[in-house]
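Some notes on the structure that comes next.
The values are calculated or read from the model by the stated rules, or taken from the named source; none is laboratory data. Everything numeric in this text was worked out from a predicted model, so none of it was measured. Quick note on the areas: whole protein, heavy atoms, side chains included, nothing else; ligands and nucleic acids left out. Shrake-Rupley method; radii C 1.70, N 1.55, O 1.52, S 1.80 Å.
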Amino acid sequence: MSLRLLFLSLALLVAAGHARAQDLLTKRNGDEVQVKILEITPSEVKYRRTDNPDGPLISVYKTEVFMIRYANGAKEVFGTAPGAPAAPYLAAPALAPTPHTGPDVPGDVVFPDEEVHLSGPRIGFTVLTAGPLDRGRQEPGYHDLNPFLTQFGWQFETRLFRLPNGVSGLAEFVPLVGGLEQNKFIPSISGILGIRGPKGFEFGLGPNLTPIGANIVLALGTSFRSKSGLNFPVNLAVVPGNGGARISLLVGFNSRHR
């Protein structure tokens, strides 16, 4: 009898030890499973059931696990309380594009090697100081030339590059016709290389050709962008020479094309 009691006591001790060796996995839906935790990865919990220790390796997502209570009494909590609704999946935020300001055009992106072409009409006026006015009046049919001339034309612009900080390199070709309000036809052609800053301010210079000669044009200005995506440039140009200067103010609009 004593030997039977001894074996029974040993069996109970083994059973108690086996029970204490079990881990308890509690899922977020409230289910509890007696398991042996084998591995925990950044996304999964891997275990075998203690009622089938030689069975298959089971993996569950950590998002499905609320808590693990280990055999030594320690516990690890992963989520919300059992039965609580699952937290919504939140996608990782997209990387923000390189910030920039200024007169962007529809679909504009920052690529240093991408050419962007803009074109549009230009209207404005030119004021002739004494030297250019006298030089113009010496031409046949222009003796009554007034110092104030209207201008009509077109501006062709190519954006050669754009740096991540918003600075752009520009090449512009601007043919104009002035003096139509005086029944005159005074053509001019300007080719300008320039820089546009991140806030839209721009400046450049290049050759200017008119019937009375060739000079250098200095231009500066800015652009404004409407909600419709159109750009509205405003430019001031000065052509020194012939004992004075020609000063022009031009406005217009343009849009992007390839």
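Figure note: I192, I123 ranked by solvent-accessible area, largest first, 1.4 Å probe, ligands and nucleic acids not counted: I123, I192. Ranking of H117, H143 by solvent-accessible surface, largest first: H143, H117 (1.4 Å probe, protein heavy atoms only, all chains present). Taking every C-alpha pair closer than 8 Å and separated by at least 6 residues, the mean separation divided by the residue count of the stretch 116-157 gives a relative contact order of 61 percent. Per residue, the accessible area of the stretch 192-247 comes to 53 Å² when a 1.4 Å probe rolls over the protein heavy atoms. Ellipsoid semi-axes for the stretch 135-258, based on the Cα gyration tensor and the rule √(5λ), read 30, 16, 11 Å when sorted largest first. What is the stretch 19-69 by shape, rounded, prolate or oblate, if you read a ≥ b ≥ c off the alpha carbon gyration tensor as root eigenvalues and call it rounded for a/c under 1.5, prolate for a/b larger than b/c, and oblate otherwise? Cα axes put the stretch 19-69 in the oblate bin. Accessible surface for I216 stands near 90 Å², nearest 10, in the context of the full protein assembly shown (1.4 Å probe). Straight-distance candidates among the lysines for linking to K46, with alpha-carbon spacing under 26 Å and chain neighbours fewer than 8 residues away dropped: K27, K36, K62, K75. In the complete set of protein chains, residue-level accessible area for I212 is approximately 40 Å², probe 1.4 angstrom.
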